[in-house]
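Heads up, the thing below is written out as structure tokens.
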Amino acid sequence: MNENSKKESVTEKILHPFSGGAALLLLLFALFASIGAIVYSAFLLSDSHIAIGAILLTTGIIAVLVVCILLAGLKIVGPNEARVFTLFGNYYGTIQKAGFFYVNPFVCSVNPVKTSTSSITIGESTAAVQVKANISTKTMTLSNEKQKVNDVLGNPVIIGSVVIWNVENPTKAVFNVENYSEYLSIQCDSTIRHIARLYPYDNIETDSEEKTLRGSSQEIADIMQKDLQERVRDAGLNIQEVRITHLAYSEEIAAAMLQRQQASAIIAARQKIVEGAVSMVKMAIDQLGEEEIVILDEERKAAMVSNLLVVLCGNKDAQPIVNSGSIY
């Protein structure tokens, strides 16, 4: 691989920042002290202590500005959330535990997915400001829309699924892909199309143990989950489960395939009926011969077999006819 095409690898660094509550108290104390210094400098200036008053005033103003800048380092991370920071374009670290923290005030939070745009009006001009939220590590669902694919036999099939997932590595999710939510959606579409093309929709004509989309939905879903997990591993995402929520033939062949399924089912049922009827006829003839209840020649056996098969394989109940004469 060409070195220019290699993607820069970012190693996750977990931050253990200073407590935000303690930092807030220190900053408020410094802010009040600075304001007090400014007020005291005003009294010194009024009492003709110009030099000391000017120095104290300048120091107080600078201190207030510094405290205002340092207040930007206060960050809040909620439960099941994470925050990824950059400092002047370089990766700074990640906070994965919930709480109130203090970090470098010049760091920037990065989240390419949850970005809200707010506007600030200054005079007659309006400026758009992007406010980036925390990265959620909660379990989320992605509902994949119904899509038309061809199974391994070329039959058009409508299939839909739902993916249960969560962000496992926030650093990879932010820096390895442009938008991990859109990336997952596209990879989900690709995975479902790829897996659905490898199996037939149904296979009721034979007793084959081949997996089908309809008969082995759980096994197919597990295969989709493993394939999708491999595709999004570099994005720091964890695929917990994939479920097939909709599966049907496409409208243009649904009626024809339904007739085929019905015909196949009738043939399979008839086959079972014939097998059972032949077994019952054989058992009846064998028992009659072994116990010598009645002695039948080959012609009478053939007639008896024919009558029994008609009775056992018929769609309607047979009407009995009593023969009052001799069978010969």
(request) Taking P200 as the residue in question, decide whether it is surrounded by fewer than 22 Cβ atoms within 10 Å (Cβ to Cβ) and in contact with a Leu (Cβ under 7 Å, 6 or more places away or on another chain). (result) yes
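Results for (1) open to solvent by less than 60 Å² (accessible area, probe 1.4 Å); (2) modelled with pLDDT of 85 or more; (3) in a helix (DSSP H, G or I); (4) more than 20 Å from I158 (Cα to Cα), shown as yes or no for each residue.
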residue: G215; (1), (2), (3), (4): no, no, no, no
residue: Q218; (1), (2), (3), (4): no, yes, yes, no
residue: K226; (1), (2), (3), (4): no, yes, yes, yes
residue: R231; (1), (2), (3), (4): no, yes, yes, yes
residue: I239; (1), (2), (3), (4): yes, yes, no, yes
residue: A254; (1), (2), (3), (4): yes, no, yes, no
residue: L258; (1), (2), (3), (4): no, no, yes, no
residue: Q261; (1), (2), (3), (4): yes, no, yes, no
(request) Working only within the stretch 144-166, note down all residues that are touching a residue at least 24 places away in the same chain (Cβ under 8 Å), in a strand (DSSP E or B) and not polar (S, T, N, Q). (result) K146, K148, V149, P156, V157, I158, I159, G160, V162, V163, I164, W165
(request) Go through the stretch 145-168 residue by residue and tally those that are surrounded by fewer than 20 Cβ atoms within 10 Å (Cβ to Cβ) and within 10 Å of L237 (Cα to Cα). (result) 2
(request) Look through F106, F32 and report the one residue that is open to solvent by 90 Å² or more (accessible area, probe 1.4 Å), in a helix (DSSP H, G or I) and not hydroxyl-bearing (S, T, Y). (result) F32
(request) Output yes when any residue across the stretch 183-190 is under 30 Å from V77 (Cβ atoms) and without any contact (Cβ under 8 Å) to a residue 12 or more places away in the chain, and no when none is. (result) yes
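The values are calculated or read from the model by the stated rules, or taken from the named source; none is laboratory data. Since we're looking at a predicted model, the values are computed, not measured. Glycine also receives a Cβ, built like all others from the backbone with ideal geometry; neighbour counts cover every protein chain displayed. The protein model used for the area step is the full one, side chains on, heavy atoms only, and it has no ligands, DNA or RNA in it. Shrake-Rupley method; radii C 1.70, N 1.55, O 1.52, S 1.80 Å.
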